[in-house]
Structures are given as structure tokens and as C-alpha cells.
1. For R237, state whether it is of a type in the set (D, E, K, R), part of a helix (DSSP H, G or I) and closer than 24 Å to G139 by Cα.
2. Would you mind stating whether T3 is hydroxyl-bearing (S, T, Y), in a loop (DSSP other than H, G, I, E, B), more than 23 Å from R327 (Cβ to Cβ) and modelled with pLDDT under 95?
3. Please go through (1) touching a strand residue (DSSP E or B) at 6+ places or on another chain (Cβ under 6 Å); (2) outside any strand (DSSP E or B); (3) farther than 30 Å from A301 by Cβ for L214 and return the number of the only condition it doesn't satisfy.
4. Select from region 303-326 the residues that are surrounded by 12 or more Cβ atoms within 10 Å (Cβ to Cβ) and under 19 Å from S51 (Cβ atoms) and write down the one among them that is farthest from the ligand (Cβ to nearest atom).
5. Please specify each residue of region 108-134 satisfying the condition of being in contact with a strand residue (DSSP E or B) (Cβ under 7 Å, 6 or more places away or on another chain) and charged (D, E, K, R).
6. Quick one: how many residues across region 151-191 are in contact with a strand residue (DSSP E or B) (Cβ under 8 Å, 6 or more places away or on another chain) and open to solvent by less than 30 Å² (accessible area, probe 1.4 Å)?
7. Output the number of residues of region 286-320 satisfying the condition of being under 20 Å from E253 (Cβ atoms) and at pLDDT below 80.
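The values are calculated or read from the model by the stated rules, or taken from the named source; none is laboratory data. Quantities reported herein were computed from a predicted structural model and do not represent experimental measurements. When we count neighbours, we look across all protein chains shown, and the Cβ atoms used for this are built from the backbone with ideal geometry, even at glycine. We work out accessible area using only protein heavy atoms, side chains counted, and drop any ligands, DNA or RNA first. Shrake-Rupley method; radii C 1.70, N 1.55, O 1.52, S 1.80 Å.
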Amino acid sequence: MSTRPDQSATAEGVSIAGAPPPLAAKEVSVVYRTRGDFGRRTARHALNRTSIEVNYGELVALVGESGSGKSTLSKVLLDLASPSAGEVAYHGKALNTLTRTEMRAYRNEVQVVFQDPAASLNPRQRIWKCLASVLELRGVRSQLELNEEITKLLTGVGLNPAESFARRFPHELSGGQQQRVAIARALAMKPRIVIADEPLSALDVSVQAQVLDLMIDHQKRTNAGYLLVTHDLNVVRAVADRVVVMYLGSVVEMGDAEQIFERPQHPYTRALLSSRLSIDASKRRIRDRPILTGDVPSTTAIPSGCAYHPRCPIAVERCSIDAPEPRVTGDGSSVACHLAE
Ligand code: SF4
């Protein structure tokens, strides 16, 4: 059952009614302009007026097919990509208006775990140095303290004996061990928000559950907010408090995880979930659910009206003309569909 907090929180992680969420994207659009064939300029609409918030104590899952804008949204929230319109706010303040001290607090508080641990670790740095350089940013300076903290971090992510792992280079570790180091590095800053962008997809199936457990354990222990970007709906079902469904750069449905899985309202969400459930179709009541057909259109040629209309089995004439605005339905979910209840 969802445990989504109904309040936002202060920087100390204590809920205060009415406070702005610690991290939010507000109506964010990202357009990349490139030169196509014959030098023709094309615009790629990676995000289209997307809003999302992450609160302390909740695990939000961001789902959608490839090209839906999940990773771009993560980058915008991490200040690794700039919005063409809209803003990202940290405790209610737009990132580009933060003072130097506030920006430092944002960079400390919001940490990331990337998909490919090998690419995110410096191959020439021993694990000790990799973690020490992060701890030094937090003001940990003495050799003794650094050794203690690094031992604690490595032990905490299950890399024992810590001293042995601290001496190694990334290439001397397996993929699962590298991802544990990447998580340890993120946790070294004592983050209150963690953005995990497909953190399991580069790992062997045998270690995925262990790495996921590690993050869930941290989230529960510290009451941190997590944004988990993933295409694995079984993982989402198991761990998420709230689910945000994206299609072609827009949020099409967002709500409590249990409601989304039990009563999905947007046709795209229903089709996406049916692709997950079809593996045990004989046992489930899903035969009446639509199947996801066709390919995702290019972000350089987003269909008019509702972007999903060329694939939608229940589209009506209006769908190709008017873009549906997200609206809150009876169960509290937000759905962008003309025909949603
Ligand atoms: Fe389908 Fe129309 Fe709803 Fe879009 S607005 S999801 S095309 S019914």
C-alpha cells in the first residue's frame, strides 16, 4: 500500500503542511534543435510541459517506453540539462535563482545513481579515492575520519572486507560491485533525494534484487525521497509509492501505485501494464486489456492533439485535434485523456 506523504518537507526532512516539495519540475519543456538531412533544422521535443514532484519519504517510479523522456526529465531535475521553458524548483525556489549556499545544499542533497556504473566511475581512481573526494566535499578531511567513513560506506553497501575493496580499481570489480560503489558514492553525501536512472538494467539478474534492496533499505531508513527511472514494471509494482507514466515527453498519468496498477485510467497506461501482465495472461483478468501496438513516433514529429492518438484503440475525432490537459479524477490520480472517467 502506498505510503506517500500528504505533506511536503523542510530541508531537515521534517514534514510541514503546505511547504513546497523539496524537488519539483514545473511545466518543463526541453527542445533540442539539430541539423537534419540537407542541413534542414529540426526540433526534437524531448519534454513537453512536464510537471513532477519528489517528496521526502516516498519512492516515485517514472515509467514509459524508450523515448518517453524519462532520462531527460532526470537530467533536468539534476541540473544536467537546461529546460527550454518551465523551471525546476528546490524547496520552491527555481534553480537559476538559488544563492551559492542554496545551490551547494541542492547539490549535496540531490544525488544520482546512473545506469552504467562502469561509465560513472573514474577508471584511474581507486575506490578509496573515489569515495574520499566526495567525503571531502562534505568536510571530512582527516585520514582517520576518511578511513572510518569509507569503511562504513563500503560495509553498508555489502562490500566486505571494506579495506580490500577500497584498494581496488573499478575494473577489478564486477558490475554489481561497481553499482554498489556508485550507490556508496551517492550515499556519502547523505542525500535526501536520490534519482536512480535505470540503476538495475546494466546488472546481471542475479544481483539486481540485492542492489534494489540496498536502495530501498536506505530510502526507508533515512526517509529520503527516491525517483526511480525504470522500464521494469514488476520492480515498480513491488516498491513504488507513486507512479508517473510518461509518453513522448509528457506525463499522461500519475497517481498512487496501487491505483495505477489496479485501475489504470489512461489507455497508454493500460496497454503498458498489459505488456507486463501478458506473461501470465492465463491466470489474470487482463484479456480485455489493450495490447501496446505500433512504435513510438519520433520526437521530431509529435502527432497533433493527443500524442497517443495514432496508437490509441479508443481514439475519437477530437483526439487528433485537441491535446488533453491533465485532470484529477475521482481516485486522486491525474490523467491526460479526454475520455478518462
Ligand atoms: Fe486515446 Fe483520445 Fe484519450 Fe488520447 S485523449 S488517450 S487518443 S482517448
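1. It is false that R237 is of a type in the set (D, E, K, R), part of a helix (DSSP H, G or I) and closer than 24 Å to G139 by Cα.
2. yes
3. Condition (1) is where L214 drops out.
4. P326
5. E109
6. Selection size over region 151-191: 6.
7. Counting residues in region 286-320 that are under 20 Å from E253 (Cβ atoms) and at pLDDT below 80 gives 8.
Yes or no, residue by residue, for (1) at pLDDT 90 or above; (2) over 22 Å from the mean Cα position of the chain (by Cα); (3) over 25 Å from G64 (Cβ atoms):
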position: F165; (1), (2), (3): yes, yes, yes
position: P170; (1), (2), (3): yes, yes, yes
position: L173; (1), (2), (3): yes, yes, yes
position: A186; (1), (2), (3): yes, no, no
position: S206; (1), (2), (3): no, yes, yes
position: Q219; (1), (2), (3): yes, no, no
